[in-house]
Amino acid sequence: MVFLQAEMSWNVLIPADQLSPEGLLLRKSIIVRLLEDITNRKASKDHGYYIAVNELKAISEGKVRELTGDVLFPVTFTCITEKPMKGEILVGSVEKILKHGVFLKSGPMENIFLSEKTMSEYKYLGGESPMFRKDHSKLEKDTIVRFKVMGFRWMEADRQFQLLATLAGDFLGPL
C-alpha cells in the first residue's frame, strides 16, 4: 500500500456552545472537530483514504457566523493518506463470492472486484459455501489473498474507490 503525507487546509466549524475563553480548550475542540470531519469525509479523489492526522500546523483567526454565533476556523494540517495505484500489489480478504467473481476488502478499501476471467484455472463451485478452486488452492469467504490492482475509479456518491484486481502474475493468490 502506498501511504502519502499531504498538507491540507480545512475549515472547522465550532458551535457557539463549545467555545471557551481558555485557549487550550478551544484548541482541543478544534482538533476533536477536525478528526470528526476527517472521519466523516472518509476519502477524496485527490488524496485517497484519510488514515491519520499527523500534525496541526496552524489555526487561523476564526470568523463568527452572524446568525448562529458559530465560529469557522481555517486550519492547516498534515495527514497520512492511502491511495490505490495501478499495478500495485495488495493483500486483502474475501468478503463475498459470486459466480462471476469475488469481492475483496483491503484496509479501508471495501469495493475490490476480482473477476473470474482474471483468475486463470480457478473454477467456481456453488452451493451453501461457494468458492473458487484450482488444484489444492481455494478462494472462499475470509481467505487472505495477494492480488494486483488492474485499475480503479473514484465514486463520488460513495466517497470511495472501486478497484479491479487480478491474480495473473507471480506469487499472487491465496496466502
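Please enumerate the residues belonging to the stretch 130-145 that are among the polar types (S, T, N, Q) and modelled with pLDDT under 95.
SER137
Only one of VAL64, VAL75, VAL53, VAL71 is among the hydrophobic types (A, V, I, L, M, F, W, C) and modelled with pLDDT of 95 or more; which?
Of VAL64, VAL75, VAL53, VAL71, the one residue that is among the hydrophobic types (A, V, I, L, M, F, W, C) and modelled with pLDDT of 95 or more is VAL75.
Pick from LEU34, LEU26: which is surrounded by 15 or more Cβ atoms within 10 Å (Cβ to Cβ), more than 29 Å from ASP158 (Cβ to Cβ) and either in contact (Cβ under 8 Å) with a residue 12 or more places away in the chain or out of contact with any Phe, Trp or Tyr (no Cβ under 9 Å at 6 or more places or on another chain) (or both)?
It is LEU26.
Taking the stretch 110-148 as the region of interest, how many residues are charged (D, E, K, R) and under 28 Å from the mean Cα position of the chain (by Cα)?
Number satisfying all stated conditions: 9.
Looking only at the stretch 110-143, count how many residues are surrounded by 13 or more Cβ atoms within 10 Å (Cβ to Cβ) and closer than 30 Å to ALA52 by Cβ.
Number satisfying all stated conditions: 7.
So which of GLY101, GLY173, GLY151, GLY107 ends up being over 13 Å from the mean Cα position of the chain (by Cα), open to solvent by less than 50 Å² (accessible area, probe 1.4 Å), under 27 Å from GLY48 (Cβ atoms) and touching a residue at least 40 places away in the same chain (Cβ under 8 Å)?
Working: GLY101 fails: touching a residue at least 40 places away in the same chain (Cβ under 8 Å); GLY173 fails: touching a residue at least 40 places away in the same chain (Cβ under 8 Å); GLY107 fails: over 13 Å from the mean Cα position of the chain (by Cα).
Every option except GLY151 fails the conditions.
Report whether or not THR81 is among the hydroxyl-bearing types (Ser, Thr, Tyr) and under 21 Å from LYS45 (Cα atoms).
yes
Looking at ILE97, ILE89, ILE59, ILE112 in this structure, which one is farther than 30 Å from LYS141 by Cβ and of a type in the set (Val, Ile, Thr)?
Exactly one residue qualifies, and that residue is ILE59.
How many of the residues in the stretch 37-71 are hydroxyl-bearing (Ser, Thr, Tyr) and either in a strand (DSSP E or B) or in contact (Cβ under 8 Å) with a residue 24 or more places away in the chain (or both)?
Taking the stretch 37-71 and keeping what is hydroxyl-bearing (Ser, Thr, Tyr), we get 39, 44, 49-50, 60, 68.
Next, from what is left, pick out any that are either in a strand (DSSP E or B) or in contact (Cβ under 8 Å) with a residue 24 or more places away in the chain (or both): 44, 49-50, 68.
Residues that pass the stated criteria total 4.
Looking at the stretch 154-170, which of its residues are charged (D, E, K, R) and in contact (Cβ under 8 Å) with a residue 60 or more places away in the chain?
Answer for the stretch 154-170, where residues must be charged (D, E, K, R) and in contact (Cβ under 8 Å) with a residue 60 or more places away in the chain: GLU156, ARG159.
Residue under question is GLY87, and the condition is that it be more than 27 Å from PRO15 (Cα to Cα), open to solvent by less than 80 Å² (accessible area, probe 1.4 Å), part of a loop (DSSP other than H, G, I, E, B) and without any contact (Cβ under 8 Å) to a residue 12 or more places away in the chain; does it hold?
So GLY87 does not fit the description; no.
The values are calculated or read from the model by the stated rules, or taken from the named source; none is laboratory data. Being a predicted model, the structure only gives us computed values, none of them experimental. Note that each Cβ is placed from the backbone with ideal geometry, even for glycine, and that neighbours are counted across all protein chains shown. In case anyone asks, the SASA skips ligands and DNA or RNA and just uses the protein heavy atoms, side chains included. Shrake-Rupley method; radii C 1.70, N 1.55, O 1.52, S 1.80 Å.
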